[in-house]
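The next block holds one structure in the form of structure tokens; read it before the comments.
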Amino acid sequence: MFVSQSMTREVITINKDADIFEAKDKMTKHRIRHLPVVAKDNRIIGIVSDRDIRSALPCSLLKDYDTGKVREKLLAFKIKDIMIIDPFTVSLSYTIQDAIMLMQKTRVGAFPVVDKQGRIKGIISTRDLLHAFINVLGIEESGTLLCIIAEEKIGQLKKIVDAITEENISFGSVLVARYWDEGKKAVFPYLLTKKVSHVKRKLKKMGYTLLDPTEWYINQIAQDN
Amino acid sequence: MNKTGFLYDERYLLHNTGPYHPEVPARLEAIYSGIKDTNLLSMLTLIKASSADLKWIETVHEKNYINRFKDACLAGKKIFDSPDNQMCPETYDTALLAVGGILDTIDLVMKNKIDNAFCAVRPPGHHAEISKAMGFCYFNNVAIAARYLQKEWNIKKVGIVDFDVHHGNGTQHIFEQDPSVFYYSIHQHPSFGYPGTGQEFEKGSGPGYGFTLNSPVLPDQGDSEYKKFFENDLLAAFETFKPEVIIVSTGFDAHVDDDMSDIRLSTEGFSWIMGKIVKMASIYSNGRLISVLEGGYSLKRLPELAKNHVEILLNS
């Protein structure tokens, strides 16, 4: 799971001397929120987000805010005046996990992906990471989610996976929630099948608690209140 | 009392899904015995199946898909498209018989020979996509039925009610852009059940927006939630849409004793639902209603559920 596999390769970029309207139009046309600013040799020199653009433009509720004299004045401002200089970047060898953690830490919505020379190779945004996560979960394929409570001790996951594999069922994914009740973990296998009744019975016989999702919902609501 | 048709053909038992599969021929035998043992057969118009003309299958499925399915069957493949779709050499012909029988049933309804009917067919259909077999389904029986009603019998507005506990992804996708077919499904919430579609925000698209309606039900909710959804969602929608014919995707798998789901619907709950649908048919579609079997896997409960289902069709 590397950034190089999940990033958007066709990067829409902008020149530092372009005006703000050009950047706004590009974002609207391509339905994106970040434009890396690159030099002639494709080296990254900045980034501009839709928030930067909106801060730079007058209120859209005002009449004629982007026509006539107002527009003429605004045209004098260039991307280099509003861009973030020296933005956070990630390298091609970053993992998806690295990117997610960095995103959480920096609260930035997209990172340009650069090679060793700092030349742009792609961009990875929250949307790309979401897509990567959907891929990892396997949820684009039809299937059934099980919710299993297991004791927190070595070998539980193996037992569960083995029991399901013996039934000739393919996995979309297996998630483990670490923080559950004390001494317990919750395991969520996403199975690419409709035929789960047999394996559910089997897991219950093995002593696992299959969580009733509704019960869990109701407990959560009670806790939230 | 209504004239009610009952489509059943022993050749539907020939589709063998192999070991460890819940969609077994014994399901149909259980349904048949439930109706026969309570002496209902003599009150029904019995219908035998004929094989469907491919031109009707092609109103829904891509030719390439139909050929792939046929070839897989001829080649003796045990699985088609997904590991859930276990099959045998007779599966393709049986699937054609399922559709053919339903189309024959439609003819009887449209010629006023019968008022309504229950089609006890295998394999089921509502998960089948235009070019993909899924969830034990190969041809989308009800979707082909709806197209047949429109093309052969000039019906303008078809209403499909799907109360199988799984969402009918195939049926929804086939008609999601089509305002002439209203698709309503009530099912176990997609977060906790196969196939993972059928959220309440899925309402159709383009010209078909507003002609798809989903009521996802959380596990363990049982009769009261089903009744609430049915009354608030479906009854209101059909009052506006006014279907000329109603097709029902009948699944008995939301039953409390059916371990394919966690919905816990009672036997009486099923009767209540069917009673409401039949009533809608009498109000909007001159009683014309074709019920087509989808799921339902409790061999213990299928006899009584099928018996009640047919009695409601007869006595409404």
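The values are calculated or read from the model by the stated rules, or taken from the named source; none is laboratory data. It should be emphasised that the depicted structure is a prediction, and the values quoted were computed from it without experimental measurement. Don't worry about glycine lacking a Cβ; one is built from the backbone with ideal geometry, like all the others, and counts go over all protein chains shown. Quick note on the areas: whole protein, heavy atoms, side chains included, nothing else; ligands and nucleic acids left out. Shrake-Rupley method; radii C 1.70, N 1.55, O 1.52, S 1.80 Å.
Add +1 for every Lys or Arg and -1 for every Asp or Glu among the other residues with Cβ under 13 Å from the Cβ of A:GLN117, and state the total.
The answer is +2.
Using a 10 Å cut-off on Cβ to Cβ distances, tally the other chain neighbours for every residue of B:210-220 and report the average as a whole number.
2
Can you give the helix-only mean residue ellipticity at 222 nm for chain B, where every DSSP H stretch with n ≥ 4 adds -39500 (n - 2.57) and the sum goes over all residues, rounded to the nearest 500 deg cm²/dmol?
The per-residue figure over chain B is -11000 deg cm²/dmol.
What ranking do B:196-204, A:42-50 get when scored by the average of other Cβ atoms within 10 Å per residue, highest first?
Descending mean neighbour count gives A:42-50, B:196-204.
From the square roots a ≥ b ≥ c of the eigenvalues of the alpha-carbon gyration tensor of the stretch B:1-59, which class results: rounded (a/c under 1.5), prolate (a/b over b/c), or oblate?
In terms of gyration-tensor shape, oblate.
If you count, for every residue in B:29-38, the Cβ atoms of partner chains within 10 Å of its Cβ, what is the mean?
0
Check every DSSP H run in chain B and write down those whose alpha carbon atoms cover 15 angstrom or more along the long axis and whose mean Kyte-Doolittle hydropathy is -0.5 or greater.
Both cut-offs are met by B:25-36, B:91-110, B:141-153, B:267-284, B:302-315.
Under 1.5 on a/c is rounded, so check that first for chain B, then, if it is not, pick prolate when a/b is larger than b/c and oblate when it is not; a ≥ b ≥ c are the square roots of the alpha carbon gyration tensor eigenvalues.
rounded
Per residue of A:195-202, count partner chain C-beta atoms within 10 Å of its C-beta, then hand back the mean as an integer.
Whole-number average of other-chain Cβ neighbours for A:195-202 is 4.
Cross-link partners among lysines for A:LYS202, C-alpha distance below 26 Å, same-chain residues fewer than 8 apart left out?
A:LYS153, A:LYS158, A:LYS159, A:LYS184, A:LYS185, A:LYS194, B:LYS78, B:LYS300
Express the carbon and sulfur contribution to the solvent-accessible surface of the stretch A:1-117 as a percent, rounded to the nearest whole number, probe 1.4 angstrom.
Carbon-and-sulfur percentage of accessible area, whole number: 52.
For B:ASP162, what residues show an amide H to amide H distance below 5 Å, using hydrogens built from the backbone and excluding near sequence neighbours?
Under 5 Å from the amide H of B:ASP162 lie the amide H atoms of B:TYR184, B:SER185, B:ILE186, B:SER249, each far enough along the sequence or on another chain.
Calculate the length of the line joining the C-alpha centroid of the stretch B:160-175 to that of the stretch A:19-49, in whole Å.
A separation of 44 Å, based on Cα centres.
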